[in-house]
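Take a look at the structure set out below.
The values are calculated or read from the model by the stated rules, or taken from the named source; none is laboratory data. Every value quoted in this text rests on a predicted model; they were computed, and no experiment measured them. Ideal geometry is used to build each Cβ from the backbone, glycine not excepted, and the neighbour counts take in all protein chains shown. Note: accessible area is taken over every heavy atom of the protein model, side chains too, but ligands, DNA and RNA are not part of it. Shrake-Rupley method; radii C 1.70, N 1.55, O 1.52, S 1.80 Å.
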Amino acid sequence: MAQALAVAKPDAGRVLTQALIEAAARLGVGTTELKAIVGVSQPTASRLLRGAYQLVPGSKPFELATHLLRLYRSLAALVGGDDALAARWLRSANRAFDDARPIDAIKRVDGLLYACEYLDAHRARV
C-alpha cells in the first residue's frame, strides 16, 4: 500500500509577507511609504519590513499588498528586471499620473489600482 506524502500547504500570509519585503527592498520603498500603500501604522510597517509582522489573509493590508506585488511584477517585466530603473520610474513625474510621481499616487487605493492597470496595459503591448 502506497503511503501518501504529506505536502505542507504554504502559508499565504508568510509567503506574501516575504514577497512584499523583497519587492519593497528592490523598489526602495521604506516604512513611511509602505504604511500609506498597504494601510498599516508606522510601527507595523517597520515590523513588517523586518519580518517581525505577518500579513493576515483576507485583511485589507493583505489585499493592498497583493496589488503592490502585482505592480512590482508588471514593472519588473517592463524594465527587464532592472530594479534600479523600476525604482526610478516609481519616483519620476509621469504624464499618465498628471505629472505626479507614481509612488505618491499608489498611496491611495484608486492610485494603486490605476498604476497596476496602467502597467498591465503597457506590458500587454510588449
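Residue-wise test of (1) part of a helix (DSSP H, G or I); (2) modelled with pLDDT of 95 or more.
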| site | (1), (2) |
| --- | --- |
| Lys9 | no, no |
| Leu16 | yes, yes |
| Ala25 | yes, yes |
| Val29 | no, yes |
| Leu34 | yes, yes |
| Ala45 | yes, yes |
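Okay, residues lined up against (1) open to solvent by 70 Å² or more (accessible area, probe 1.4 Å); (2) in contact with a Cys (Cβ under 7 Å, 6 or more places away or on another chain); (3) polar (S, T, N, Q); (4) more than 27 Å from Ala121 (Cα to Cα):
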position	(1), (2), (3), (4)
Arg14	yes, no, no, yes
Val38	no, no, no, no
Thr44	no, no, yes, yes
Arg47	yes, no, no, yes
Gly51	no, no, no, yes
Pro57	yes, no, no, yes
Ala65	no, no, no, no
Ala76	no, no, no, no
Asp83	no, no, no, no
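Among the residues of the range 60-73, are any free of Cβ contacts under 8 Å to residues at least 12 places away in the same chain, touching a helix residue (DSSP H, G or I) at 6+ places or on another chain (Cβ under 7 Å) and on the phi < 0 side of the Ramachandran plot?
no
So Arg125 passes all but one of these: (1) within 16 Å of the chain's Cα centre (by Cα); (2) modelled with pLDDT under 95; (3) more than 22 Å from Pro10 (Cα to Cα). Which condition number does it fail?
(1)
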